[in-house]
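First the structure, in the form of structure tokens, and then the observations on it.
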Amino acid sequence: MYPYIRDVHAITGILVFVLLLAAFINSLMGFSGNREFTQKDRKLSLFALIFTHLQFVIGLVIWLISPLGKSAMSQMSDASLRLTAVEHPFVNLIAIVLITIGWSKHKRKTDSKSKFKSFLIFYGIGIVLLLSRIPWDLLSATLKDLLS
């Protein structure tokens with residue numbers, strides 16, 4: 001069961017990154033181009049938010065059942081175990097909270113420029129945080145397994 005959930009987490013992670021990046025670029029273009037905030041903009045940002053939350057829930061399941069998750073908490077001197085057991089979930093939680101704040105703030109804004117700015121700032125910080133704590137060696141190994 002663990003390998004299947006790990007593979008879903010890896011694939012969903014790529015989808016999350018693509019959606020967040022698309023929402024960020026869309027916000028950048030909307031903010032700099034002074035265009036009107038539309039349903040398309042709202043839906044793109046909402047899909048990014050939903051898939052980010054879904055990814056976190058899948059990650060929590062992995063953390064609970066994985067040998068690299070909760071059970072690795074006793075081996076904090078090992079940097080790679082610390083990354084997967086503590087840093088990755090904690091920093092990702094912070095990133096998801098910031099992304100959620102960006103979504104919530106946009107709803108209270110009345111003008112388009114402010115809505116785009118909210119997504120630009122909070123989704124942008126979220127992307128940076130998410131990318132900073134990805135265990136790249138585990139991701140590449142998982143993707144190799146999937147492609148072979």
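Considering only residues that are under 18 Å from Gly59 (Cα atoms), touching a residue at least 12 places away in the same chain (Cβ under 8 Å) and not in a loop (DSSP other than H, G, I, E, B), which ones fall in region 132-145? Outline the logic, then answer.
First pass over region 132-145, keeping only residues under 18 Å from Gly59 (Cα atoms): 132-143.
With the extra rule that they be touching a residue at least 12 places away in the same chain (Cβ under 8 Å), the set shrinks to 132-135, 137-139, 142-143.
Ser132, Asp137, Leu138, Leu139, Thr142, Leu143, listed by residue number.
Entry remark, region 13-57: residues being under 20 Å from Leu143 (Cβ atoms) and at pLDDT below 95 number 2 in total.
Thr110: on the phi < 0 side of the Ramachandran plot and surrounded by fewer than 18 Cβ atoms within 10 Å (Cβ to Cβ), yes or no? Break it down into steps so the answer makes sense when it comes.
Details: on the phi < 0 side of the Ramachandran plot: yes; surrounded by fewer than 18 Cβ atoms within 10 Å (Cβ to Cβ): yes.
Yes.
Here the condition is being among the polar types (S, T, N, Q) and more than 17 Å from Val16 (Cα to Cα); of Ser132, Ser118, it holds for Ser118 alone. Can you work out which of the residues in region 1-57 that are more than 17 Å from Tyr123 (Cβ to Cβ) and of a type in the set (Phe, Trp, Tyr) is surrounded by the fewest Cβ atoms within 10 Å (Cβ to Cβ)? Filtering first and then ranking leaves Tyr4.
With respect to Thr110, determine if the residue is among the hydroxyl-bearing types (Ser, Thr, Tyr) and assigned to a helix (DSSP H, G or I). So Thr110 does not fit the description; no.
How many residues are of a type in the set (A, V, I, L, M) and more than 20 Å from Val91 (Cα to Cα) when one looks only at region 9-54? Working first, answer last.
Within region 9-54, the first condition is being of a type in the set (A, V, I, L, M), and the residues that meet it are 10-11, 14-16, 18-23, 25, 28-29, 44, 46, 48-50, 54.
Adding the requirement that they be more than 20 Å from Val91 (Cα to Cα) leaves 22-23, 25, 28-29, 44, 46.
Residues meeting the conditions: 7.
Let's see how each residue does on (1) hydrophobic (A, V, I, L, M, F, W, C); (2) over 14 Å from the mean Cα position of the chain (by Cα):
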site: Arg82; (1), (2): no, yes
site: Pro89; (1), (2): no, no
site: Lys113; (1), (2): no, yes
site: Phe116; (1), (2): yes, yes
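Could you check, for region 89-98, whether at least one of its residues is open to solvent by less than 30 Å² (accessible area, probe 1.4 Å) and touching a Pro at 6+ places or on another chain (Cβ under 9 Å)? Checked region 89-98: no residue is open to solvent by less than 30 Å² (accessible area, probe 1.4 Å) and touching a Pro at 6+ places or on another chain (Cβ under 9 Å).
Applying the condition of being open to solvent by less than 80 Å² (accessible area, probe 1.4 Å) and over 22 Å from the mean Cα position of the chain (by Cα) to region 58-78 and asking which residue is farthest from Thr142 (Cα to Cα) yields Met76.
The values are calculated or read from the model by the stated rules, or taken from the named source; none is laboratory data. All values reported here derive from a predicted model rather than from experimental measurement. All Cβ positions, glycine included, derive from the backbone under ideal geometry; neighbour counts span all protein chains shown. Heads up: the accessible areas ignore ligands, DNA and RNA and are worked out on the full protein's heavy atoms, side chains in. Shrake-Rupley method; radii C 1.70, N 1.55, O 1.52, S 1.80 Å.
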